[in-house]
1. Yes or no: region B:45-60 includes at least one residue that is more than 14 Å from chain A (Cβ to nearest Cβ), touching a residue at least 60 places away in the same chain (Cβ under 8 Å) and over 26 Å from residue A:216 (Cα atoms).
2. What residue, among those in region A:79-101 that are part of a helix (DSSP H, G or I) and not aliphatic (A, V, I, L, M), is nearest to the other protein chains (Cβ to nearest Cβ)?
3. So for region C:74-89 (the condition being charged (D, E, K, R), part of a helix (DSSP H, G or I) and farther than 21 Å from residue C:44 by Cα), does at least one residue qualify?
4. If you go through region A:52-60 one residue at a time, do you hit one that is part of a loop (DSSP other than H, G, I, E, B) and either farther than 30 Å from residue A:227 by Cα or of a type outside the set (A, V, I, L, M) (or both)?
5. Note down all Cβ pairs under 6 Å where the first residue falls in region C:142-155 and is more than 15 Å from residue C:123 (Cα to Cα), the second is in a loop (DSSP other than H, G, I, E, B), and they're at least six residues apart or on different chains.
6. From the list A:154, A:161, A:200, which one is farther than 30 Å from residue B:164 by Cβ, in a strand (DSSP E or B) and either at pLDDT 90 or above or assigned by TED's automatic domain parsing to the domain that holds residue A:74 (or both)?
7. Take the residues in region B:57-98 that are hydroxyl-bearing (Ser, Thr, Tyr) and more than 20 Å from residue B:121 (Cα to Cα), then tell me which one is nearest to the chain's Cα centre (by Cα).
Amino acid sequence: MRRTRWFVWLVVVVAMVGAACGEADDPTTATGGDDNEAGSTTAAPTFDAGTTMARIQQKGEITVGVKYDQPGFGQQDPATGEVEGFDVEIAKLIAVAILGGDVDSVEDKIEFVESVSKNREPFIQDGRVDIVVATYTINDTRKQVIDFAGPYFVAKQDIMVRKDDTSIKAVDDLNGKKVCTAKGSTSEKNIRAKAPRADVLLFDGYDECKEALVDERVVAVSTDNTILAGYVDRSPDELKLVDNPFSDEPYGIGLKKGDEAFRDFLNDRLEEIFEGGQWGDAFESTLGQLGLETPDTPTLDRYGAAGGATTSTTGTGGTGGAGGSGSTSTTGASSTSSSTG
Amino acid sequence: MSITVALTLTSFAAALVIGTVVAAFRVSPVAPLRAAGAAWVEVLRNIPLSVLMLGFYFGFTKIDIRYGEFATAVIVLSAYTSSFVAETVRAGINSVARGQAEAARSIGLTFPQSLRVVVLPQAMRTVVAPLGSVFIALIKNSSLAGLIAVVELTDMADRISFDTARPIPAFLGAAVGYLLLALPSGAVVGLLERRAAIKR
Amino acid sequence: MEKVSKSFGPVKALQEVDLSVERGEVVVVVGPSGSGKSTLCRCINRLEPVDSGTVMIDGVPLPEEGKALAKLRADVGMVFQSFNLFAHKTVLENVTLGPTKVRGLSRSEARQRAMELLRRVGIDDKADRYPAELSGGQQQRAAIARALAMEPKLMLFDEPTSALDPEMIKEVLDVMTELASEGKTMVVVSHEMGFARSAAQRVVFMDDGRIVEVAPPDRFFSDPQSERAKDFLSKILAH
């Protein structure tokens, strides 16, 4: 049922895009189309056969693992079932570059799959998802089993305490105290490294940590400032951020290990949205709403053999400029399509 | 692994005691005790263990009942398991011929005495095998203690999977760990069963 | 026993039954099956609570379930149709259980007295066997010893021979006859008319939950007054 709907949408969108260009049989010509400069609609580019991008394009949808419980990054709206957040926006911007369309319409061609921390690697390895965009900190252990594009964001690990707490001003102050963080987070390792005498309590998620903090079972919760900001934003009378970050957490896009062409494509696309302004827009509409200031764009880490070399597959469609409205072009497309139809 | 073992053994010992007392309540001639026993069993066995675990840990702090993580896990696992022990023991009690209890009372034993001296020892024989299943279920249920930050076997596997970014081997390891605990338990149950059957 | 009634659902097992038994008396209760004999017997030590009426022992009404009732039951021995020996205990342990747990006798004293009783009923050689290893007659004699060990004021026998093979009935009746001749107060529900004739002071005939006739055995068997008793006797004496 869902598949059928997507397929219908796919046909409609392809038809519209094609019709808008007046060249339904060759969508790639859209790269130079006028509407592309006016709005954010992109035509689907052509990729070399055998690449992951070509495969995704062929199946007409991209499967993306995101968090469903991470405010600001990937959080499911219980009313609509829609997932929202910065990670989701990044996923859409990636999808547009492969499947064409604009960030609104492309949503129908993305299958979001909830990825909790512990199933991220198997999801990628088994091909259950094409990419994981889920507050996924790049580290060497993980790089042994999967690869990362990015980082597309660098979070800073900080400490959250109860509003009335004045005893904790830096990570050192956590020594001898009970601190909460989530299982398997790099936050745990950082605390153990920087406050070795802290008593670290580990839960499945940060909701439990926040509860334990409010219940005075622990004196502090420590993890990425972006995550903590969400909690402080919702309970400003109870909680506060220490605001003394002690480590960098580069978030990357997880993909299958050894898929260099795909990784380069993702990195190139990230570079585009960094420079094109879409990255900043995405931040403002999501994390910015939690009171976080838009930071500088991060520096990509094109590690390994592939290095920074670009390949022919990076010939994506033109990037949409900031500003122009997608709806204008869509309207134009549908009117054209109705006139041809 | 040692935490899983400690958690399981402590909880099972407590569950046996509580469960047997609750079973006695359930067959008691005193109506309020029967009702209390039934309420205990129905409430505990019909709520998911994870809900009990998190509810007790986070919920009860709101009414100022506060225990550490391990203690909470033991309390919740004991209470939850006791409801299954109670039903198992009650079935065992019912399986003992009615005449046994009547004979016990007719020589002047009080109801609790007749239960303790005559009925329960006979009930325990039929109850050994099903209690073994309850015990093995408890071994596995102890994995939910990880929800409240008790580092038992599953939680350990969780951590190793994160540290190595290889969850499959980590959880396979945990599975082997549970098997190593459950299989000997099954063997011990078999042994106890044969021992209980000899005197029949 | 005054105006005792007891129902099981719609079935009226006892209807306003009056009966009193003197100290040292042996009363045999007879009647067709379903007449309420067993229920009468079980009401005397409140294994079945009565619906209405009073049961008194030594002038004291039976208390509610609890310690006091347990204490009273200790003074009323009961022998069941199906023996009901404690299956997980040896014959000796069956007999010593009550004296040690209820009377507070020392283990050795209880043991010594139990052995005497077992010798009296003729199964002292089976003291260390489990009930399942004994014949029905042996089990019933062990059950009598178990009841006697409490030194009861009153002994209740609820069809003690009904579950026995014919060749074992005599060994149990012999023990009961001996008890009767020693002056034990006994209420015996039984189909054994020979025992009733020889050991009873009074025979109580029940039918339909009521006591129909009470008479000394000679008169009851030779000259029953009620039609129902005549009918009953004609049926059981026909063969």
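1. no
2. A:87
3. Going residue by residue through region C:74-89, those that are charged (D, E, K, R) are C:75, C:89.
From the residues that got through so far, the ones that are part of a helix (DSSP H, G or I) too are none.
So far as region C:74-89 goes, no, none of its residues is charged (D, E, K, R), part of a helix (DSSP H, G or I) and farther than 21 Å from residue C:44 by Cα.
4. As a first pass, look at region A:52-60 and keep what is part of a loop (DSSP other than H, G, I, E, B): A:60.
Now restrict to residues that are either farther than 30 Å from residue A:227 by Cα or of a type outside the set (A, V, I, L, M) (or both): A:60.
Checking region A:52-60: at least one residue is part of a loop (DSSP other than H, G, I, E, B) and either farther than 30 Å from residue A:227 by Cα or of a type outside the set (A, V, I, L, M) (or both).
5. Once the first residue is more than 15 Å from residue C:123 (Cα to Cα) and sits in region C:142-155, its partners that are in a loop (DSSP other than H, G, I, E, B) give C:150/B:107; C:152/C:75; C:153/C:75; C:154/C:185; C:155/C:184.
6. Details: A:154 fails: farther than 30 Å from residue B:164 by Cβ; A:200 fails: farther than 30 Å from residue B:164 by Cβ.
It is A:161.
7. The initial filter retains those residues of region B:57-98 that are hydroxyl-bearing (Ser, Thr, Tyr), namely B:57, B:61, B:67, B:72, B:78, B:80-83, B:88, B:95.
From what's left, more than 20 Å from residue B:121 (Cα to Cα): B:57, B:61, B:67, B:72, B:78, B:80-81.
Values: B:57: 19, B:61: 24, B:67: 20, B:72: 15, B:78: 6, B:80: 7, B:81: 3 Å.
Step by step, filter region B:57-98, then rank; the result is B:81.
Let's see how each residue does on (1) within 14 Å of chain C (Cβ to nearest Cβ); (2) acidic (Asp, Glu); (3) touching an Asp or Glu at 6+ places or on another chain (Cβ under 9 Å); (4) touching a residue at least 60 places away in the same chain (Cβ under 8 Å):
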{"residue": "B:75", "(1), (2), (3), (4)": "no, no, no, no"}
{"residue": "B:88", "(1), (2), (3), (4)": "no, no, no, yes"}
{"residue": "B:107", "(1), (2), (3), (4)": "yes, no, no, no"}
{"residue": "B:123", "(1), (2), (3), (4)": "yes, no, no, no"}
{"residue": "B:128", "(1), (2), (3), (4)": "yes, no, yes, yes"}
{"residue": "B:145", "(1), (2), (3), (4)": "no, no, yes, yes"}
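The values are calculated or read from the model by the stated rules, or taken from the named source; none is laboratory data. Computed from a predicted structure; not experimentally measured. Using ideal geometry, Cβ is built from the backbone for each residue, glycine included, and neighbour counts are taken over all protein chains shown. What goes into the accessible areas is simple: the full protein's heavy atoms, side chains included, and nothing from ligands, DNA or RNA. Shrake-Rupley method; radii C 1.70, N 1.55, O 1.52, S 1.80 Å.
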